Every structure is written in structure tokens, then in C-alpha cells.
1. Restricting attention to the range 58-89, which residues are charged (D, E, K, R) and in contact (Cβ under 8 Å) with a residue 24 or more places away in the chain?
2. Report, by residue number, each residue of the range 24-61 that is more than 9 Å from the ligand (Cβ to nearest atom), at pLDDT below 95 and part of a helix (DSSP H, G or I).
3. Could you identify the single residue in 131, 79, 115 that is away from the ligand (no atom under 15 Å from the Cβ), surrounded by fewer than 13 Cβ atoms within 10 Å (Cβ to Cβ) and at pLDDT 95 or above?
4. Considering only residues that are assigned to a helix (DSSP H, G or I) and within 15 Å of the chain's Cα centre (by Cα), which ones fall in the range 137-175?
5. Is it the case that the range 5-18 has a residue that's away from the ligand (no atom under 13 Å from the Cβ) and either assigned to a helix (DSSP H, G or I) or more than 14 Å from the chain's Cα centre (by Cα) (or both)?
Amino acid sequence: MAMKLAYTALSPYCRKVRMAMEYKGLDFEILTADHVTEVPVFNPRAEVPVLVDGDAVVCNSPDILGYLDRKFPQRPLYPAIASEYAEVREWERFADTQVDPIMTVIGNWKFAELPPMPDGLLGAARRDLQPMYDRIEQQLASREYLCGDISAADFALYPVVRVRSRLADASTTPHLVRWAEALGRREGVARGMAATEQPLSKATAG
Ligand SMILES: N[C@@H](CCC(=O)N[C@@H](CS)C(=O)NCC(=O)O)C(=O)O
């Protein structure tokens, strides 16, 4: 029986897991937004992503990726060498806990039925994000991917930095642009992101 991934298109954590599963060439079925009301059955926090693999139910995207690496070691998401593993996890945590919260706040004001975005919010996001973009830029100046080979770090960061048009001047981060374009051309990444094209372009529209 194919694995199931409880998924919503706007969640970067879901996109991370979906891209990683595509990258590994796994057979899986997506439970889309219509099914998300069922998620509390698997996860009392009602958060997605959730991976259901027979009797195994795995929540929390890094735990899901760790599970997948152990069960399907081909095309690893995390390096076997301890220090390299720690570096990948640090970048993944950076994406999940530093970049994503800023993007989520902006996204909530765009997608939820809220009044117009408060004055200054976008400016504050730009100020806080710029040092993060600079850090990524520095890392990518001498690397094709964030940590050598493509890894969980790239899949975690790509969904939260791909849309930057109103948040940063792309000319200041040429390596980030090159990396994002190269990732976007990878077949599994394109498939993993496909369902999100429409809402993401709405997010950048105005
Ligand atoms: N630490 C979790 C975070 C997951 C998370 O925050 N998911 C959000 C979507 S981005 C969620 O499901 N929120 C509840 C909802 O959308 O109903 C992970 O890495 O998977």
C-alpha cells in the first residue's frame, strides 16, 4: 500500500517533505486540503505534514525526513558523517524557525480573511530577512547546494526563500538566485511545488 502524505499546498513544511519524497523517487499518495480535517486522527495538534506508512504515523517534517532516510536510504536527505549531519540540521532549523515565521506572518495577512496588512509589517519583514538572505548568499558563494550535496537543508529553505520579490532586491543575492533557479529546474522539485503556483503568485501580487 502506498504511503500517504497529509498535505496543504501553502505549508512550506509540506512542500519540503513532498519534494524530498519526489527526490527519493517514492510512491505516495497526497491527502490534500479536503482531507485535512482528518489530520487530528493522526496528529492531535492537527498540523500537517503527517506521513502515514501502514501502521506508522510520523509527524513533524524533520522526523518525517529522518524516517524516510532510514526506510529508503537511496538518495539520502541527511549525510552519514556526524558533523555534516549537524550542519544540515542547523540549516533546516534555520529555515523552519527563523525564515518561516516571518513568511508565515506575511502569508497570513495575504491569505486569511484579515483586514489589510498593518503599516510597517512588510518593512519589518524586509529588515529581519535581509541578514538571513545575506547568510544564505555567503554560504552559496562557494557551494552548489547549501551543504555540499543536495540535502534536507535545500528542501527546507527553498519554499521559504523562493518568493522574495517584494522582500529583497534579487541583485544583492546572485548566488541565492542561481541556487533557487537550479533547484526549480529539478524534476522532483517542480512536481513538489506545482500545486502551489497559483496561491504563491497571489502572495506576491500586491
Ligand atoms: N514543526 C512542524 C510544523 C508544522 C506546521 O506548523 N504546520 C502548519 C502548516 S505550515 C499547520 O499544519 N498548521 C495548522 C493548520 O494549518 O491547520 C513540522 O516541521 O512539520
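1. 75, 84, 87, 89
2. Residues satisfying the conditions are 33, 34, 35, 37, 38, 40, 41, 42.
3. Exactly one residue qualifies, and that residue is 131.
4. Listed by number, the residues that qualify are 152, 153, 154, 155, 156, 157, 158, 159, 160, 161.
5. Looking through the range 5-18, none of the residues is away from the ligand (no atom under 13 Å from the Cβ) and either assigned to a helix (DSSP H, G or I) or more than 14 Å from the chain's Cα centre (by Cα) (or both).
The values are calculated or read from the model by the stated rules, or taken from the named source; none is laboratory data. It should be emphasised that the depicted structure is a prediction, and the values quoted were computed from it without experimental measurement. Cβ atoms come from the backbone with ideal geometry, glycine included; neighbour counts cover every protein chain shown.
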